[in-house]
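The values are calculated or read from the model by the stated rules, or taken from the named source; none is laboratory data. Worth saying up front: this structure is predicted, and the values here are computed from it rather than measured. Note that we place each Cβ from the backbone using ideal geometry, even for glycine, and neighbour counts take in every protein chain shown. We work out accessible area using only protein heavy atoms, side chains counted, and drop any ligands, DNA or RNA first. Shrake-Rupley method; radii C 1.70, N 1.55, O 1.52, S 1.80 Å.
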Amino acid sequence: AVVITSLGCPFRCTYCASSFLWNGFFSRDSVRTAEYIEFLIETKHLSDVVFFDDAILVGNGFKELMREIQNRRIGTRFHLPNGVHARFLDMETAGLMFENNFKTIKIGLETSDPALQNATGGKVSSRDFYQAIQNLSEAGFTSREVSAYIMMNLPGQSEKDILNSLEVCEELGVNPSVNEFTPIPGTAQWKDLVDRGMFNEEIDPLLLDNSILPHWWEGGFSLKTVQRLKEAAWSLRRKLSGE
Ligand code: SF4
């Protein structure tokens, strides 16, 4: 089952549509969410629960929910595939995740370039990322469960930046998960690209899809570069999994 414990995000990353979709950040009551998860597991006999929040670690709701789940002895597998905030992944959170049987934890690194981290909204610093991975590792997680989102083709991003992010992942034993940037209509990044004449605001959004963008867009990486970087990420994943 997919479960959402909160809506929206208090951050305003330039490439993200969350603030566009939700006018604020709203958390659901942790006890009621735990009751709902328990109900789902008992009635549907589920083995896996996937959280799809944009900002699940913001506030105290996640820790409260984890304690509720622990008290209720809900023995299922949990997954966080949506990229959590490294800066909120403290030792207590990591421990609660481990005790509650989390099997997928994706963390948003996005870029390892401090200037680009700040320019895109400042949601993460490399220091936050290192600390979060250390906390997860001390709690007992390995590269089997933990991976990092890395953005590729952000305006102003260099190929070197992605290679640096892959090096950080290799150093920490974290699987890289490379995401290709697509300009989402209405976001700050999209407006900036329109203002700079990179494309017209009437453009068919299909042309901005990541499978098409590198074929025509001169503002970013060529198809060859995208492919080379994807292969570097796949190669690192194979290396970390011992293949
Ligand atoms: S932190 Fe994540 S959900 Fe929030 S605005 Fe940034 S990318 Fe979007």
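Over the stretch 1-46, all Cα pairs binned in 10 Å intervals from 0 give whole-percent P(r) values of 25, 36, 25, 13, 0, listed from short to long. Ligands, DNA and RNA excluded, the heavy atoms of Y36 present near 110 Å² of accessible surface to a 1.4 Å solvent probe.
Taking all protein chains as present, what is the carbon and sulfur share of the accessible area of the stretch 2-240, in % to the nearest whole number, probe 1.4 Å?
Roughly 50 percent of what the probe reaches on the stretch 2-240 is carbon or sulfur.
For H215, the accessible area of its heavy atoms, probed at 1.4 Å with every protein chain present, is near 120 square angstrom. Restricting the stretch 15-73 to trypsin sites (Lys or Arg not before Pro) that sit in a DSSP loop and have at most 12 other Cβ atoms within 10 Å of their own Cβ leaves R73. Restricted to Cα atoms, the stretch 100-180 shows a radius of gyration and a Dmax of 12.4, 40 angstrom. Phi-derived couplings, Karplus 6.51 cos²θ - 1.76 cosθ + 1.60 at θ = phi - 60°, listed residue by residue for the stretch 158-175: 9, 4, 4, 4, 5, 5, 4, 4, 5, 5, 4, 4, 4, 4, 8, x, 10, 5 Hz, with x used for Gly and Pro. A simple rule links phi to the HN-Hα coupling: the Karplus curve 6.51 cos²θ - 1.76 cosθ + 1.60 with θ = phi - 60°, which for the stretch 189-195 gives 5, 5, 4, 4, 5, 5, 4 Hz, with x for Gly and Pro. Ligands, DNA and RNA aside, E180 has an accessible area near 40 Å² when probed at 1.4 Å.
If you roll a 1.4 Å probe over the heavy atoms of the protein chains, what accessible area per residue do you get for the stretch 2-240, in Å²?
On the way: 11970 Å² over 239 residues.
Heavy-atom SASA per residue in the stretch 2-240 reads 50 Å².
Determine the alpha carbon to alpha carbon distance for each of K123/K230; K106/K160; K123/K191; K63/K191; K106/K230 and list only those over 27 Å. From the list (K123/K230; K106/K160; K123/K191; K63/K191; K106/K230), the Cα-Cα distance tops 27 Å for K63/K191. Shown here is the pair-distance distribution of the chain: with all Cα-Cα distances grouped in 5 Å bins from zero up to the longest one, the shares run 1, 6, 13, 17, 17, 16, 13, 9, 5, 2, 0, 0 percent.
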